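**Student:** The structure that follows is given in the form of structure tokens.
The values are calculated or read from the model by the stated rules, or taken from the named source; none is laboratory data. On a predicted model such as this, the values are computed, not experimentally measured, just so you know. We place every Cβ from the backbone using ideal geometry, glycine too, and count neighbours over all the protein chains shown. For accessibility, only protein heavy atoms count, side chains too; no ligands or nucleic acids. Shrake-Rupley method; radii C 1.70, N 1.55, O 1.52, S 1.80 Å.
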Amino acid sequence: MRMIGITLLGSTGSIGVSTLDVVERHRERFRIVALTANQDAEGMAAQCRRHRPEYAVMADPVAASRLRLLLSGMARPPEVLAGTAALESVAALPQVDSVMAAIVGAAGLLPTLAAARAGKRLLLANKEALVVAGSLLMRAVADNGAEILPIDSEHNAVFQCFPGDFRPGCGLEKLGVERILLTASGGPFRDTPPEGLAQVTPEEACAHPNWDMGRKISVDSATMMNKGLEVIEACWLFGARPEQVRVLVHPQSVIHSLVQYRDGSVLAQLGNPDMRTPIAHALAWPERITSGVAALDLLEVQKLDFRLADRERFPCLDLAYEAATEGGTYPVILNAANEVAVAAFLTQRIGFMDIPAVVGKTLQRLPREGVEDWEVGQLLEADRRARRVAEQNLAGLAE
Ligand code: NAD
Ligand code: MG
């Protein structure tokens with residue numbers, strides 16, 4: 001069997017570490033060509049010693065210098081590269097077959113796009129890239145013979161419930177699909193009384209009941225902006241209209257999502273909440289490999305509960321639906337304002353309920369522009385503009 005060469009963008013993060021765990025279980029099948037991270041030189045040095053990549057990239061040049069020092073005693077160390085352009089070049093190397101896009105935020109857009117343009121199999125965890133540049137990214141996949149396989153557990157579940165010959169762009173109607181049902185745990189505050197939400201701390205917001213994730217997506221799960229971003233992600237991945245994607249709160253996180261067909265059938269994918277399952281699925285697709293995740297024990301689970309999302313407690317969900325429906329620059333603005341607001345919440349500059357306030361205000365203050373023929377540079381400019389306005393809105397809150 002030919003070894004599959006992998007570039008792992010965001011290797012020191014939660015998805016990155018889970019990916020390396022799966023890869024390590026299948027050394028005969030996968031070979032790490034490049035690892036990338038932002039600032040964590042120590043974490044990267046340990047991963048380099050263990051996985052022996054050809055390249056190690058640190059987006060932060062100071063961290064790259066530190067990494068070179070840390071690896072100086074290593075026999076045949078990787079080539080250490082620095083800066084964001086290097087992220088794009090390792091995503092497009094000829095010896096790479098699959099690129100795991102697991103950088104957090106819009107910062108992952110350019111390398112993700114580079115992988116699509118180079119015709120790679122793109123394993124997409126970085127949902128923000130699709131929210132910001134959905135049409136551009138999906139076109140790049142189609143035009144360059146690339147493949148896109150969802151890592152986000154809900155979208156991976158939907159993909160598994162689709163017919164085997166599904167390809168992006170083939171249309172839900174043709175598949176007989178009426179609706180996509182994305183499940184949501186409801187996050188750590190699903191039962192917190194609304195008046196208590198203003199006081200919650202970053203630590204409480206990051207203590208997710210079912211999933212162990214990076215801090216940004218943990219806060220997004222707590223505000224349910226994560227589910228909103230996932231609605232937009234589903235629209236692009238599966239060619240769905242926003243009204244065809246519904247959100248269902250399912251506190252146990254055992255059903256990862258469902259697809260409702262025209263004939264009344266509803267197909268679901270179930271499993272223990274562990275990202276190694278969708279990662280293993282996408283890494284080996286269409287084959288199945290072991291992931292390290294224990295089999296689901298339904299006798300232990302016993303009960304599966306469902307309820308509607310509380311739109312008042314979680315205004316981010318409606319903001320995301322609005323952005324999905326309006327399209328154009330709205331999803332770019334939604335995402336940029338959310339990234340600014342979440343960072344401010346994590347550093348305790350604003351309160352939890354200020355997150356939807358900042359996002360809502362930023363959407364109000366900027367006009368919607370059509371993006372059909374936009375280049376990535378124009379999208380990134382719209383992203384920067386939205387960040388500036390969101391920063392002003394943060395300052396406004398402090399007054
Ligand atoms: P994380 O914060 O744990 O890791 C982020 C990774 O990206 C790190 O390796 C970090 O070094 C790198 N990074 C951060 N900023 C960067 C920058 N400016 N330039 C280059 N690299 C940068 O995040 P995570 O939880 O692993 O999430 C990664 C992505 O996967 C996110 O888009 C998230 O929404 C998505 N996702 C995560 C999970 C999960 O369970 N963690 C599930 C579904 C989707
Ligand atoms: Mg998800």
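**Student:** Relative contact order of region 126-208: what whole-number percent is it, with Cα pairs under 8 angstrom and at least 6 residues apart? Don't skip to the answer; put the middle values down first.
**Tutor:** Values: 23 pairs, mean separation 14.6, N = 83.
Here the relative contact order equals 18 percent.
**Student:** Leaving ligands, DNA and RNA out of it, rank 373, 383, 40 by accessible area with a 1.4 Å probe, largest first.
**Tutor:** Numbers: 373 125, 383 10, 40 65 Å².
Per-residue accessible area, sorted high to low, gives 373, 40, 383.
**Student:** Defining a contact as two alpha carbons under 8 Å apart and six or more residues distant in sequence, what relative contact order in percent does the chain show?
**Tutor:** Numbers: 748 pairs, mean separation 56.5, N = 399.
Worked out over the chain, it gives 14 percent.
**Student:** Please compute the net charge surrounding residue 139, taking Lys and Arg as +1 and Asp and Glu as -1 over other residues with Cβ under 11 Å from its Cβ. Numbers along the way, then the final one.
**Tutor:** Numbers: positive: 117; negative: 143, 372, 373.
With Lys, Arg at +1 and Asp, Glu at -1, the neighbours total -2.
**Student:** Work out the FRET efficiency for residue 373 and residue 307 from their Cβ-Cβ distance, taking R0 = 41 Å, and round it to the nearest 0.05.
**Tutor:** Values: r = 42 Å, r/R0 = 1.03.
Efficiency at R0 = 41 Å is approximately 0.45.
**Student:** Now a separate question. So what's the net charge close to residue 52: Lys and Arg +1, Asp and Glu -1, counting the other residues with Cβ under 10 Å from its Cβ? Write out the running numbers ahead of the final one.
**Tutor:** Numbers: positive: 31, 49, 50, 76; negative: 54.
Surrounding charge for residue 52 is +3.
**Student:** Considering only protein heavy atoms, what per residue accessible area in square angstrom results for the chain with a 1.4 angstrom probe? Each step should come with its number before you reach the end.
**Tutor:** Details: 16610 Å² over 399 residues.
Accessible surface, normalised per residue, equals 42 Å².
**Student:** Still on this structure, please answer the following. Explain nothing, just the number: relative contact order of region 325-399, from Cα pairs under 8 Å at least 6 residues apart, as a whole percent.
**Tutor:** Numbers: 75 pairs, mean separation 35.0, N = 75.
After rounding, I find 47 percent.
**Student:** Something else about it: Can you say what percent of the DSSP beta bridges in the chain, counting only those with both residues inside, are antiparallel? Round to 5.
**Tutor:** Just about 25 percent of them are antiparallel.
**Student:** Here is a follow-up. Picking from 19, 347, 84, which is most flexible by a Gaussian network model of the chain using Cα springs under 10 Å?
**Tutor:** 347
**Student:** Please label the shape of region 300-399 as rounded, prolate or oblate, based on the square roots a ≥ b ≥ c of the eigenvalues of the alpha-carbon gyration tensor (a/c under 1.5 means rounded; beyond that, a/b larger than b/c means prolate, else oblate). Don't skip to the end; give the middle numbers.
**Tutor:** Working: a/c = 2.22, a/b = 1.34, b/c = 1.66.
Verdict is oblate for region 300-399.
**Student:** Give me the percent of accessible area attributable to carbon and sulfur for the chain, probe 1.4 angstrom.
**Tutor:** Values: 8600 of 16610 Å².
So the carbon and sulfur contribution to the accessible surface is 52 percent.
**Student:** So how do 290, 223 rank on accessible area, 1.4 Å probe, biggest first, that is with the largest at the start?
**Tutor:** Most to least solvent-accessible, the answer reads 290, 223.
**Student:** Note down the accessible area of residue 236, probe 1.4 Å, to the nearest 10 Å².
**Tutor:** Solvent-accessible area, nearest 10 Å²: 100 Å².
**Student:** Shifting gears a bit: If a/c stays under 1.5 just call it rounded; otherwise compare a/b with b/c (prolate if a/b is bigger, oblate if not). Do that for the chain, with a ≥ b ≥ c from the square roots of the Cα gyration tensor eigenvalues.
**Tutor:** On the way: a/c = 1.38, a/b = 1.16, b/c = 1.20.
Rounded, because the longest to shortest axis ratio a/c is under 1.5.
**Student:** Please compute the length gained on full extension between residue 241 and residue 167, using 0.36 nm multiplied by the number of residues separating them and subtracting their Cα-Cα distance.
**Tutor:** 25.0 nm
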